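The values are calculated or read from the model by the stated rules, or taken from the named source; none is laboratory data. Worth saying up front: this structure is predicted, and the values here are computed from it rather than measured. Glycine gets a Cβ as well: all are built from the backbone with ideal geometry, and neighbour counts include every protein chain shown. Ligands, DNA and RNA are excluded from the accessible area calculation, which covers all protein heavy atoms including side chains. Shrake-Rupley method; radii C 1.70, N 1.55, O 1.52, S 1.80 Å.
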Amino acid sequence: MPNRNHTLMRQHAGEYLSFQLGGEQYGIDILKVQEIRGYEAPTRIANAPPFILGVLNLRGVIVPIWDMRIKLRMERADYDSHTVTIVLNVADRVIGLVVDAVQDVVALKAEDIKPAPEFSSTLASQHLIGIATLEQAEAARMLILMDIEQFIAGADTGELASADLAV
């Protein structure tokens, strides 16, 4: 009989877009990614939560832009030529996430994904799928796999909805 963790990890096997925030690498389900764009300063919205930088008009769709460093209470970084906006289609809405850089797309098997440890942090464990260790050449890198749909639709949905109303 397979254990519960293996069953959960098997349903999360697939392709992930990896991106960098500070010294950490994160992964999100590639099927949620609509496009990757170079950073473009959004139009500010009054009274939006600090992590919502503003909005962009992408081919007629007004898209809220979240700074993931601010959202995850990380040290702020300057926006440079590596900074990108990952445009996602999650929870029936389009949202842009500003990240330091995009790495690559990685295919993960169930055995590559380990359950995330339980701990108290800004990125709550219910927003994590697991941790993957990728062997590359002479080094290994760890990829923190986010359940981006849970993250977006999580506790801040009320904040996002009120920011949407300001548009």
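So here's what we get for this one:
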read-out: Residues within the range 16-38 that are crowded, with 16+ Cβ neighbours inside 10 Å, closer than 15 Å to Ile95 by Cβ and out of contact with any Gly (no Cβ under 7 Å at 6 or more places or on another chain), tallied; value: 5
read-out: Check on Ala116, over 19 Å from Gly23 (Cβ atoms), among the aliphatic types (A, V, I, L, M), at pLDDT below 90 and touching a strand residue (DSSP E or B) at 6+ places or on another chain (Cβ under 9 Å); value: no
read-out: Test: residue in the range 152-163 that is at pLDDT 70 or above, open to solvent by 60 Å² or more (accessible area, probe 1.4 Å) and either farther than 17 Å from Val90 by Cβ or not acidic (Asp, Glu) (or both); value: no
read-out: Residue list for the range 55-84, restricted to those being surrounded by 15 or more Cβ atoms within 10 Å (Cβ to Cβ) and under 19 Å from Ala153 (Cα atoms); value: Val55, Val63, Pro64, Ile65, Trp66, Asp67, Met68, Arg69, Ile70, Lys71, Leu72
